[in-house]
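FYI, it's all coordinate maths here, none of it is from the lab. All figures in this text were calculated on a predicted structure; none of them were measured in a lab. Quick reminder, even Gly has a Cβ in these numbers, built from the backbone with ideal geometry, and neighbours come from all protein chains shown.
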Amino acid sequence: MVLEIKNILEALTNQKTIIEVFDTKVYRADVNDNLQEVLGIKDDHHYSVVPIYRGKSYIGIIHDALFARCVETNKGKVNLETIEELLLFQRSNDRVVFMAQDASLVDVLATFNKQQTKGTRLIALIITERGHMNEEPLSIITLADLPKVISNLNK
């Protein structure tokens, strides 16, 4: 029994941080970048999301539901020229949460669970140095990354 408690305590105190598991370069675009070029890079690299900044200020994120809304709203006719036009289809319940790089993988799961419980759609977790939205993104975690989170928790 004591050994089990020690093992649990060790697992809780020696958790991997987000950046230890998700240390990947983030493709981000500026709101003034060419929309077609950004979409081409998104498709070529199979990115599910692309965060959009105006200089150092975060202003939104490109994701698949945004395109679906655009197509639905325009009855199949889409003639977007700028990133800003696309971002007009963002909804308030499309959530992006910013987390500090030293947060734990348990924090990641808790955040996804909290957003789901609230009925909001968590598009992505953007990892920055201190978890502030206007810092450089260091990594991004989406719903598709949850199996990787869970497998690393089980190690």
Qualifying aspartates and glutamates (Cα of each under 17 Å from Cα of Lys56; at least 8 residues distant if same chain): Asp30, Asp33, Glu84, Glu129, Glu135, Glu136
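Which GluC sites (Glu not before Pro) in the range 48-114 pass both tests, a DSSP loop state and at most 10 other beta-carbon atoms within 10 Å?
Glu81
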Given points 7 Å out from each Cα along the Cα-Cβ axis, report the Met133 to Leu109 separation in nanometres with one decimal. 2.8
Computed E for Ser151/Asn79 - FRET, C-beta separation, R0 30 angstrom, nearest 0.05: 0.10
So, how do all the Cα-to-Cα distances of the chain break down into 5 Å bins, in percent, from 0 on up? 2, 8, 17, 19, 19, 13, 9, 5, 3, 2, 1, 1, 0, 0
Using a 7 Å offset from the Cα along the Cα-to-Cβ direction at both Lys16 and Leu87, what is the distance between the two label points in nm, to one decimal? 3.3
Rounded to the nearest 5, what % of DSSP beta bridges with both residues in the chain are antiparallel? 55
